[in-house]
Amino acid sequence: MCMKSVLLMSLFMATVFAASAQKEVVLEEVTVKGATTVQHAEGLWIYPSRQQLEHSTNGYLLLSKLTLPHLRVDPVQHTVTALSNLGAVQVRINDMVATQEDLLALDVKAVQHIEYIDNPGVRYGEGTAYVVNIVVKRATSGHVLGADLTNTLTTVNGKESVFGKFNRGKRELGLHYTIGYQNFRGTDYDEQATYEMAAGDIRSIHRQQLEGQNKRLYHNGQLTYSLSDSSYVFQGKLTARRDIKPQRDYTKMAVNGQVSDDQSATRGLSPALDLYFHRRFTRHQSLTANAVGTFIKTNSDAEQNEGAPYSYTVAGRTASLFTETIYENRLEPFALSAGLQYNQKYVHNVYAGSTNAINDIRSSGFYLFGQLKGNLGRVTYIGGLGASNYYNRQDNRGYRFWLFRPKLTVAYPLTERLKAKYDFEVSQHVSQIALVSDVSIKQNAWETLVGNPDIHPNRVTSHDLRLTYSTPRLTTELQGYYRLNAHCNMERYDRQDGHFFKTQTNADNTCSFFFVQSYNQWNIVPDRLTATLYGGIYRFFNFTDDYRHTYTAFNGGASLEAYLGHWTLTAYADNGWNFMEGEHRGHQPATWYLSASYQLRQLTVSLYAQHPFSAHPLGNKTEILSRYIHKEVVTHERDRGNMLTLVLSWNFSAGSRYRSFQRTINHQDQDTGILQGR
């Protein structure tokens, strides 16, 4: 409670400080002269400072220095995640969804600006809450060579990447190879569970981990070829990910004093081919076409012996195709864009052993959309309309789901520095393939996870209101957000013959939440010292015929970054993400780290201290609040405590010349559709 009070008071003081900031000259779209952050209807355009660019050797390092609202960027694990359950994050380079390899091989010197879109338009598809588009100039000559070597000094964990880009005239060839490894042994799992039997008596179970191991060894490869001039771009990208050795998880548990073993092994191969073409017909008109084919091969096995031996194997094959065509016309006084997306997916998973099933799922969908963007006086607007159809068939069961999907954004400058913006959107949520499969997996002696083929997509309605105050040195934002999920997919526990079955249903469920949050960034010393502070109160509502759960949480964080010549010093902390969904009350772990980087020409040496002063940081905390089951699960991860990671980043370029970028798009499938145990 003390931490919450301090953060809330700091947020209030930052807002008060903004009101007393000195005046600056205003440009269009409430742009403040000299500001590195520009407000747009879709979000923020951020122009990195010279220091930020010079002290970044890849895309992850650059994004981590920007402290984007609602996002956590981990430059060590090479991840960008959303600190909310609003949806996923798309990171793009010149509007093309970027892989880890793309971000590691990013030529930071060519970056023009970053577009942070926190209310993505109708074309970005389902489940996307944030889009980060890095706009870079396209190279016409020269080459870029580099390496990123990340190794943890306190445990077995690392990733080694080498890459190269070669440009000559209209052609570019890119090569990238990564090998990664991990061997964690320090996870502590503790579970207190109570089960209410049909007769009314209560059974108590204590599960505690005695030993455990999680290890993996894998490699990725990527080959990219592009051909472009001032009016067209063709790009082909071939990627492949393969496990060198099976990913293994082993846990020895004590269950009310009795020892049981859980273990699993998974080995996968996933190639993908992306073909893209963009043609600009006139100065205002363009057409973009993209086709991506993905194949996933997975072989896994799992076994446990709590109560009785239980083991199964899975041989999985998944093939998918994604296509998209977009037409754009930048008219006056508005810009028009329209497009069609079509996707098809086939899943064939064969379960053998204690779970014996053949799971064949065919799904497809199309999405037709149009969008207008323009100005009416001082009002900036974005209006979009979309219509989607989703089809799913499994054995003799099949259904279609139609949805009309409007979207509206209106922004208006109240004063020279204060801007108001309102967003309204209707979208759809499609459950993971594994949740709709007709397969059941035993979790332990008391519980079984059951897929539900009758789950349908659901409609999502959201309202978002923001007030943003900007000066060259300070940006402060107050946001109010509400989301309603009608007939949403939520979990339910059933009891039968002394056993408990966990499944998903969306019959008459309503899941909603709202939050009020403030985000503040202050350049204390321009180009030398920057502080960021954010936080908000969240309220969750989960109502079904079986239960009514509500929960209030505080989520927030802060960062401080200093540039001292060749040195960059960073301190970051957040309290994780606390939420409630269905009958789960979750507490994702808090994260804090200190880092120091030293740059010497093309080489950057960085040392990251993650979770310092904590030997066993929280890994996860979950509470199950079913009428039949009450469970508290807490994990701590010793390997992530006092974690020291050394990163060597080398990036060398020569003879590079650049020109403006062309728009690109990309999509890749990673969902195997396999239902798994815990």
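The values are calculated or read from the model by the stated rules, or taken from the named source; none is laboratory data. All of these numbers come straight from a predicted model, not from anything done at the bench. Quick reminder, even Gly has a Cβ in these numbers, built from the backbone with ideal geometry, and neighbours come from all protein chains shown. Heavy atoms of the whole protein, side chains included, go into the accessibility calculation; ligands, DNA and RNA do not. Shrake-Rupley method; radii C 1.70, N 1.55, O 1.52, S 1.80 Å.
Residues checked against (1) among the charged types (D, E, K, R); (2) modelled with pLDDT of 80 or more; (3) in a strand (DSSP E or B); (4) on the phi < 0 side of the Ramachandran plot:
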{"residue": "TRP650", "(1), (2), (3), (4)": "no, yes, yes, yes"}
{"residue": "HIS667", "(1), (2), (3), (4)": "no, no, no, yes"}
{"residue": "GLN670", "(1), (2), (3), (4)": "no, no, no, yes"}
{"residue": "GLY673", "(1), (2), (3), (4)": "no, no, no, no"}
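From the list ARG483, ARG459, which residue is open to solvent by 50 Å² or more (accessible area, probe 1.4 Å), touching a Leu at 6+ places or on another chain (Cβ under 8 Å) and among the charged types (D, E, K, R)?
Of the residues listed, the single one that is open to solvent by 50 Å² or more (accessible area, probe 1.4 Å), touching a Leu at 6+ places or on another chain (Cβ under 8 Å) and among the charged types (D, E, K, R) is ARG459.
Could you list, in sequence order, the residues of the range 172-195 that are farther than 29 Å from LEU618 by Cα, touching a residue at least 60 places away in the same chain (Cβ under 8 Å) and not polar (S, T, N, Q)?
Selection gives GLY174, HIS176.
Can you tell me how many residues in the range 363-404 are within 26 Å of ALA434 (Cα to Cα) and surrounded by 16 or more Cβ atoms within 10 Å (Cβ to Cβ)?
So the answer is 10.
Within the range 505-529, take every residue that is buried (at least 21 other Cβ atoms within 10 Å of the Cβ) and within 25 Å of the chain's Cα centre (by Cα) and give me the one that is nearest to TYR563 (Cα to Cα).
GLN521
Quick check: anything in the range 593-607 crowded, with 17+ Cβ neighbours inside 10 Å and touching an Asp or Glu at 6+ places or on another chain (Cβ under 8 Å)?
The answer is yes, given that some residue of the range 593-607 is crowded, with 17+ Cβ neighbours inside 10 Å and touching an Asp or Glu at 6+ places or on another chain (Cβ under 8 Å).
Before we move on, is THR318 within 30 Å of GLN258 (Cα to Cα), at pLDDT 95 or above and not basic (Lys, Arg)?
It is false that THR318 is within 30 Å of GLN258 (Cα to Cα), at pLDDT 95 or above and not basic (Lys, Arg).
So that you can scan it fast, the table gives a plain yes or no per residue for (1) more than 16 Å from ILE326 (Cα to Cα); (2) out of contact with any helix residue (DSSP H, G or I) (no Cβ under 7 Å at 6 or more places or on another chain); (3) without any contact (Cβ under 8 Å) to a residue 12 or more places away in the chain; (4) surrounded by fewer than 14 Cβ atoms within 10 Å (Cβ to Cβ):
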residue: GLN222; (1), (2), (3), (4): yes, no, no, no
residue: SER226; (1), (2), (3), (4): yes, yes, no, no
residue: VAL233; (1), (2), (3), (4): no, yes, no, no
residue: PRO246; (1), (2), (3), (4): yes, yes, no, no
residue: ASP261; (1), (2), (3), (4): yes, yes, no, no
residue: HIS278; (1), (2), (3), (4): no, yes, no, no
residue: GLN285; (1), (2), (3), (4): no, yes, no, no
residue: LYS297; (1), (2), (3), (4): yes, yes, no, no
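Please verify whether THR505 is modelled with pLDDT of 90 or more and hydroxyl-bearing (Ser, Thr, Tyr), treating the condition exactly as stated.
Here the answer is no, as THR505 does not meet what is asked.
Would you please name the residue that is farthest from the chain's Cα centre (by Cα), looking only at residues in the range 530-556 that are crowded, with 19+ Cβ neighbours inside 10 Å and among the hydrophobic types (A, V, I, L, M, F, W, C)?
Ranking the candidates gives ALA531 first.
Restricting the search to the range 185-221, which residues are within 30 Å of PRO271 (Cβ to Cβ), touching a Gly at 6+ places or on another chain (Cβ under 7 Å) and among the basic types (Lys, Arg)?
Hits for the range 185-221: nothing passes.
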